[in-house]
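Working notes, beginning with the structure itself.
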Amino acid sequence: MNIPEVVDENHAGRPYYRTMEAREFALRIREVVPADVIVNKVVVHLPSRGAFARWARETTVERAIHNYVLVGGTSSLRHYPGPGVLEACGILSHLFRSRGIEEGLAGTIAIPARPGEAERLFAKTLAGSRFATTQILFDTESLREFLPAYVHLCEEFEVPPATLVISVAPVSDAHDLEFVRWLGADVPDVVEDRLFHEGPEAAKNQSIKLAMTLWKEILALRRSRRLRIPLGLNVEQVSHHNLDAAVEMAGALSSLLD
């Protein structure tokens, strides 16, 4: 279970937290759900690289959480006090090695539509990122250039590619759509029209069908381009009223997995 850290930034780039700390929520989840937890952390908001190293040690050693998604800031123009994602990956990977935690996984975020993203993900892979979770996707357009470029970089330098985890989410109304766009998702007009053509219940069903089509197209792209990269799925519940829809989407997608 992938636990996000939902945080806003003020005009100076300082964080404003709306929710419980992700790692504490993950511990509560683990008490009642027999599943691995993945904790997201916006590393740049910590006061220093030393503070991140302490946070990682507390979380990994004392709380026995071994799966992470390391996230950067929202703006490349701001100076943040904490380490960047590449540096945080290196610190976390060193912690795993020094403590003999073979199952430890450092992950990052991938934004396929961003220029130069294949090179960014390759650098993160070299720094120790074992998987990357995409932003929520509603079509495959951004993957058609990004995915081959990343895989070819890995092949050129004989680096095992990170697992690319494709994020999808059900949406039921305009508020859901506004929120996923705030999270950075690109929703083409044609997709929006398809989702909301017949009302909220139809939107939920359409978003599930859309996610299934998306996954099939990604598998077809990997097969046709002979791309040797592991793929995974991440179903996000973006609002409380979409919990049942997210469970339904996960069940529908699981039927398509090998």
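Identify, by number, the condition in (1) touching a residue at least 24 places away in the same chain (Cβ under 8 Å); (2) touching a helix residue (DSSP H, G or I) at 6+ places or on another chain (Cβ under 7 Å); (3) within 20 Å of M249 (Cα to Cα) that R228 doesn't meet.
Single failed check for R228: (3).
If you check F25, F52, which single one turns out to be over 24 Å from H79 (Cβ atoms) and among the aromatic types (F, W, Y)?
F25
Condition check: among the small types (G, A, S), out of contact with any strand residue (DSSP E or B) (no Cβ under 7 Å at 6 or more places or on another chain) and under 26 Å from S48 (Cβ atoms). Does G107 satisfy that?
Answer is no for this residue.
Take the residues of region 46-63 that are touching a Leu at 6+ places or on another chain (Cβ under 7 Å) and touching a residue at least 40 places away in the same chain (Cβ under 8 Å): which is farthest from P83 (Cα to Cα)?
R63
Of all helices (runs of 4 or more DSSP H) completely enclosed by region 10-126, which ones contain at least 3 residues that are among the hydrophobic types (A, V, I, L, M, F, W, C), out of contact with any Pro (no Cβ under 7 Å at 6 or more places or on another chain) and closer than 22 Å to N234 by Cβ?
22-32, 85-99
Please identify the pairs in which a residue from region 165-187 that is in a strand (DSSP E or B) has its Cβ atom under 6 Å from the Cβ atom of a residue that is of a type in the set (D, E, K, R), counting only partners at least 6 apart or on another chain.
S167/E236
In region 210-247, how many residues are at pLDDT below 95, over 18 Å from I38 (Cβ atoms) and not aliphatic (A, V, I, L, M)?
5
Answer yes or no as to whether S172 is at pLDDT 85 or above, polar (S, T, N, Q) and within 17 Å of I111 (Cα to Cα).
Taking the combined requirement at face value, the residue does not satisfy it.
The values are calculated or read from the model by the stated rules, or taken from the named source; none is laboratory data. Please read these numbers as outputs of a predicted model, since none were measured by experiment. No Cβ is skipped: glycine too gets one built from the backbone with ideal geometry, and neighbour counts run over all protein chains shown.
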